[in-house]
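The structure under discussion appears below in the form of structure tokens.
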Amino acid sequence: MNAPITAAERRRFANALRFLAIGAVEAAKSGHPGMPIGMADIAEVLWRDRDGQPPVYRASVSPSRVPRVAPEAGHGGFWRRRVGLDGGAVDIASFGGSARAATLREHFGPAASAVADALAAAVADMAAATTRPLAA
């Protein structure tokens with residue numbers, strides 16, 4: 001078993017994520033690092049704590065028979081790994097708008113309606129998979 005992670009180690013890792021976000025935005029010459037900077041502490045916990053759990057435990061608390069959809073205010077790549085191949089991430093796939101937040105969410109996602117549509121599709125896919133006959 002690994003030694004417990006100290007608060008200082010968590011802070012260093014979160015700060016590394018913040019600087020990676022800043023570098024990514026600068027390299028892309030697009031976007032804003034505000035969300036990744038603000039959410040770095042949460043990302044650190046997800047990466048270290050959730051990903052460090054044994055797969056059997058993760059499957060017991062998040063079984064594959066439960067549809068998963070993750071709304072993301074940025075790029076959904078981080079969540080796609082967590083929701084699995086049967087899940088979905090509703091994210092902002094393109095950037096470049098300047099307007100009120102509600103208008104941007106409706107245009108670029110993740111609007112509440114897009115999350116509801118993705119969840120309905122995941123439930124329908126799961127229902128269809130359980131009613132399909134097995135291939136011979």
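The values are calculated or read from the model by the stated rules, or taken from the named source; none is laboratory data. This one's a predicted model, so the numbers in the text were calculated from it and none came from an experiment. With ideal geometry, Cβ positions are generated from the backbone for all residues, glycine too; neighbour counts draw on all protein chains shown. Heads up: the accessible areas ignore ligands, DNA and RNA and are worked out on the full protein's heavy atoms, side chains in. Shrake-Rupley method; radii C 1.70, N 1.55, O 1.52, S 1.80 Å.
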Among the residues of the range 42-73 satisfying the criterion of being out of contact with any Phe, Trp or Tyr (no Cβ under 9 Å at 6 or more places or on another chain), more than 24 Å from Ala118 (Cβ to Cβ) and not polar (S, T, N, Q), which is modelled with the lowest pLDDT?
-> Gly52
Going by the conditions given, is Gly76 touching a strand residue (DSSP E or B) at 6+ places or on another chain (Cβ under 7 Å), at pLDDT below 70 and farther than 27 Å from Arg10 by Cα?
-> no
Contact list, first residue from the range 1-30 and outside any helix (DSSP H, G or I), second anywhere and open to solvent by 50 Å² or more (accessible area, probe 1.4 Å) and of a type in the set (Phe, Trp, Tyr), beta-carbon distance below 6 Å, six or more apart or interchain, is Ser30/Phe95
Write out, first by first residue and then by second, each pair whose Cβ atoms fall under 8 Å of each other, whose residues are 6+ apart or on separate chains, and whose first residue, in the range 42-66, is more than 15 Å from Glu9 (Cα to Cα) and among the hydroxyl-bearing types (Ser, Thr, Tyr) while the second is modelled with pLDDT under 80 and in a loop (DSSP other than H, G, I, E, B).
-> Ser62/Arg68; Ser64/Gly84; Ser64/Asp86
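Looking only at residues that are under 19 Å from Arg50 (Cα atoms) and modelled with pLDDT of 85 or more in the range 16-37, which one is least open to solvent (accessible area, probe 1.4 Å)?
Narrowing the range 16-37 to residues under 19 Å from Arg50 (Cα atoms): 16-17, 36.
Filter again for modelled with pLDDT of 85 or more, leaving 16-17.
Values: Ala16: 50, Leu17: 27 Å².
In this case the residue turns out to be Leu17.
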Would you mention how many residues in the range 1-15 are open to solvent by less than 80 Å² (accessible area, probe 1.4 Å) and at pLDDT 85 or above?
-> 8
